[in-house]
Amino acid sequence: MEDFNRRWLAAWTAKDVEALLTFYTPDTLYFDQRTAAGIQGHDALAAYLKGLFGMTPSMRYEAEAVWEIKGGFCGRWYCTIGDAATPALRGFDLVLMEGDRIARNEVYVHTLGGPA
């Protein structure tokens with residue numbers, strides 16, 4: 001799972017839509033804060049990612065922890081935006097698998113503020 005997560009986050013960092021689609025089943029379900037009702041399938045996910053990547057600056061995703069759950073894994077990560085030295089976001093993915101591909105992905109993101 002750690003290797004899968006590392007390669008998957010690298011594709012997110014690269015904003016490589018075609019590479020990302022290889023991680024998902026053709027009928028995948030995807031949810032994040034912008035798609036709370038969810039989107040389904042490669043075509044909808046590709047369209048969403050192209051729009052998302054077109055309006056966001058460069059982002060670097062780094063895994064913090066990955067743990068296996070029944071049917072998949074959970075992964076926590078940090079995201080650094082642009083040339084910043086420190087992460088701006090902390091996220092968590094719930095990933096349910098069919099074979100070696102993601103059938104359901106729920107993304108939860110927290111903005112990191114200044115010092116506590």
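Only one entry in E18, E68 is surrounded by fewer than 15 Cβ atoms within 10 Å (Cβ to Cβ) and assigned to a strand (DSSP E or B), namely E68.
Residue pairs whose Cβ atoms lie under 7 Å apart, sitting 6 or more positions apart in sequence or on different chains, and linking a residue in region 47-67 that is under 15 Å from L89 (Cα atoms) to a partner that is among the β-branched types (V, I, T) and in a helix (DSSP H, G or I), are M59/T13; R60/T13; Y61/T13. Please determine whether any residue of region 96-115 is closer than 15 Å to T13 by Cα and of a type in the set (G, A, S). There is no residue in region 96-115 that is closer than 15 Å to T13 by Cα and of a type in the set (G, A, S).
Among the residues examined, D83 does not qualify as exposed (fewer than 12 other Cβ atoms within 10 Å of the Cβ) and either at pLDDT 95 or above or in contact with a helix residue (DSSP H, G or I) (Cβ under 6 Å, 6 or more places away or on another chain) (or both). Residue check: G113 meets all listed conditions (1) touching a Cys at 6+ places or on another chain (Cβ under 9 Å); (2) at pLDDT below 95 but one, namely (1). Summed over region 48-57, the residues that are surrounded by 13 or more Cβ atoms within 10 Å (Cβ to Cβ) and either closer than 20 Å to N5 by Cα or not aliphatic (A, V, I, L, M) (or both) give a count of 3. In region 68-95, which residues are over 21 Å from K15 (Cβ atoms), of a type outside the set (F, W, Y) and either in contact (Cβ under 8 Å) with a residue 40 or more places away in the chain or in contact with a Cys (Cβ under 7 Å, 6 or more places away or on another chain) (or both)? Hits for region 68-95 are E68, L94.
Scanning region 22-47 for residues that are surrounded by 18 or more Cβ atoms within 10 Å (Cβ to Cβ) and in a helix (DSSP H, G or I) returns a single hit, L45.
Among the residues making up region 87-103, those that are touching a Ser or Thr at 6+ places or on another chain (Cβ under 7 Å) and either closer than 23 Å to T28 by Cβ or loosely packed, with under 13 Cβ neighbours inside 10 Å (or both) are L89, E98, R101, I102, A103. Candidates in region 23-44 are the residues that are without any contact (Cβ under 8 Å) to a residue 24 or more places away in the chain and of a type outside the set (A, V, I, L, M, F, W, C); of these, the one that is nearest to P57 (Cα to Cα) is R34.
The values are calculated or read from the model by the stated rules, or taken from the named source; none is laboratory data. Quick caveat: nothing in here was measured; it's all calculated off a predicted structure. We place every Cβ from the backbone using ideal geometry, glycine too, and count neighbours over all the protein chains shown.
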